[in-house]
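Below is one structure, written out as structure tokens, with a few remarks after it.
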Amino acid sequence: MPDLDIDFRSPRLYVDAPLAAGNRVPLNRNQGNYLGNVLRLGTGTNVLVFNGRDGEWRAAISGRKRPEHLEIVAATRKQDHLRDVHYAFAPLKHARLDYMVQKAVEMGASALQPVLTRFTQVGRVNGERMRANVIEAAEQCGILSLAAVEEPAQLDRWLGRRAGERLLVFCDEAASTANPVRALETVRSVARGIDVLVGPEGGFADNERENLLNQPNILRLSLGPRILRADTAAVAVLALVQTVLGDWTEPEKPATR
């Protein structure tokens, strides 16, 4: 369940540095500009910082003429851990890929895996831009754990190296599943890590679909009566997975007498 103590009013920054009381963390030029020129914050103002490892901390801005450092003051939240949900997808063009990455992070994906298929629209993926979008989404949404950004891989190669005991949720517009929630409930007790796959808007080639259907521990999932764009499908399927198998539903507590 969501942490009710999350402070959404204070600015949050990701910093790639150890966090502990008394530490001084240097700000890079973009961070200093954001705090000083965009938010108009000066020395002594408190912000929140996280690094994906040490939880969230309150920090005070320091510097002579502009924000230059953060003085780490006190912990505000302990580090959490994302559910083992990997989102694999055929890359999209710039703005739509940015949107999809941000939404996948908001939905709690723990890793992002670009896969290249026969009908993929984009052959090259900017990993640094993807990671920047991961960080931005985490900063804005109070998220403490950063999703990993994996190197792009050909679909067949990715399928060949993924662990077979993981559940593969394969979004297939040709699937006959009438109720995706009920379909996911049938695998609730066997999921040991989940890979969610959304393909290109041109669909999978016949040989790619055949390879997918030959994978162990697979669930073909229909996302309803309408054909969704790939970035919309990302939100839809991750919402379904998180609701049934992920962290959107609090585990039922055993009955007590």
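The values are calculated or read from the model by the stated rules, or taken from the named source; none is laboratory data. Small disclaimer: the values here were computed from a predicted structure and weren't measured. For neighbour counting, all protein chains shown are included, and Cβ atoms are generated from backbone atoms with ideal geometry for every residue, glycine included. Only protein heavy atoms, including side chains, enter the accessible area calculation; ligands, DNA and RNA are left aside. Shrake-Rupley method; radii C 1.70, N 1.55, O 1.52, S 1.80 Å.
When you count, for each residue, the other Cβ atoms within 10 Å and take the mean per peptide, how do 124-131, 153-160 rank with the highest first?
Per-residue mean Cβ counts within 10 Å order the peptides as 153-160, 124-131.
Keeping every protein chain present and rolling a 1.4 Å probe, give me the accessible area per residue for the chain in Å².
Value for the chain: 56 Å² per residue.
Please give every one of the aspartates and glutamates within straight-line cross-link reach of LYS78, meaning a C-alpha to C-alpha distance under 13 Å, and leave out same-chain neighbours fewer than 8 residues apart.
Hits, sequence-local ones excluded: ASP3, ASP5, ASP54, GLU56.
Ignoring ligands, DNA and RNA, please state the percent of accessible area on the range 12-77 from carbon and sulfur, probe 1.4 Å. Mind showing how you got there, number by number?
Numbers: 1640 of 3570 Å².
Summing carbon and sulfur atoms, their accessible area is 46 percent of the total for the range 12-77.
Tally up the carbon and sulfur contribution to the accessible surface of the range 157-233 as a whole percent, 1.4 Å probe, everything protein left in place.
Working: 1860 of 4130 Å².
Its accessible area is 45 percent carbon and sulfur atoms.
Taking amide H positions as placed 1.01 Å from N in the peptide plane, with prolines and chain starts having none, which residues 5 or more places from VAL149, or on another chain, fall under 5 Å of its amide H?
When sequence neighbours closer than 5 places are left aside, the close amide H contacts are LEU112.
At GLN79 and ASP247, where each label point lies 7 Å from the Cα along Cα→Cβ, what is the point-to-point distance in nanometres?
Those two pseudo-labels are separated by 1.4 nm.
For ALA95 and ASP206, what does the FRET efficiency come to when R0 = 30 Å and r is the distance between their Cβ atoms, rounded to the nearest 0.05?
Details: r = 31 Å, r/R0 = 1.03.
In this case the efficiency is close to 0.45.
Quick check on the range 12-77: what does the Kirkwood estimate of hydrodynamic radius come out to from the alpha carbon pairs, in Å?
For the range 12-77, inverting the mean 1/r across all distinct Cα pairs yields 11.5 Å.
Could you pull out every residue, at least 5 positions away or on a different chain, whose amide H is within less than 5 Å of the one on GLN154? Hs are placed 1.01 Å off N in the peptide plane, and Pro or chain starts have none.
LEU116
Using the Karplus curve 6.51 cos²θ - 1.76 cosθ + 1.60 with θ = phi - 60°, what ³J(HN,Hα) values do you get for each residue of the range 244-249, in whole Hz, with x for Gly and Pro?
Ordered by residue, 3J(HN,Hα) equals 8, 10, x, 9, 7, 10 Hz.
What is the set of long-range amide H partners of LEU219 at a cut-off below 5 Å, with H atoms built 1.01 Å from backbone N?
Placed amide hydrogens put LEU168, VAL169, PHE170 under 5 Å from LEU219.
Along Cα→Cβ, 7 Å out, is where each label goes; now give me the distance between the ones at GLN121 and VAL181 in nm to one decimal.
3.1
Can you compute the modelled spin-label distance between LEU213 and GLU128, with each label point 7 Å from Cα toward Cβ, in nm?
Result: 4.3 nm between the two label points.
Apply the Karplus curve 6.51 cos²θ - 1.76 cosθ + 1.60, θ = phi - 60°, to the phi angles in the range 92-100 and return the couplings in whole Hz, x for Gly and Pro.
Running phi through 6.51 cos²θ - 1.76 cosθ + 1.60 with θ = phi - 60° gives 10, 6, 1, 4, 6, 5, 4, 4, 4 Hz.
ARG192 to GLU136: extension gain in nm, 0.36 nm per residue of separation minus the Cα-Cα distance?
17.3 nm is the gain from fully extending ARG192 to GLU136.
What is the range 1-120's relative contact order, in percent, from Cα pairs under 8 angstrom and six or more apart in sequence?
22
Relative contact order of the chain, please, whole-number percent, based on alpha carbon pairs below 8 angstrom and at least 6 residues apart.
18
Give the cross-link partners of LYS103 among the aspartates and glutamates, using a straight C-alpha distance below 12 Å as the criterion and excluding same-chain residues fewer than 8 apart.
Straight-distance partners of LYS103: GLU136, ASP231.
Just checking my list (1) 0.96; (2) 0.93; (3) 1.03 against Rg/Rh (Cα atoms, Kirkwood Rh) computed from this structure; which label fits?
(3)
Which one of ASN207, ILE143, VAL169 has its Cα pushed farthest toward the positive end of the charge dipole of the chain, where Lys and Arg give +1 and Asp and Glu give -1 at the Cβ?
The listed residue farthest towards the positive side: ILE143.
Which value, in debye to the nearest 20, gives the size of the charge dipole of the chain about its Cα centre, when Lys and Arg are +1 and Asp and Glu are -1 at the Cβ?
Dipole magnitude for the chain comes out near 540 debye.
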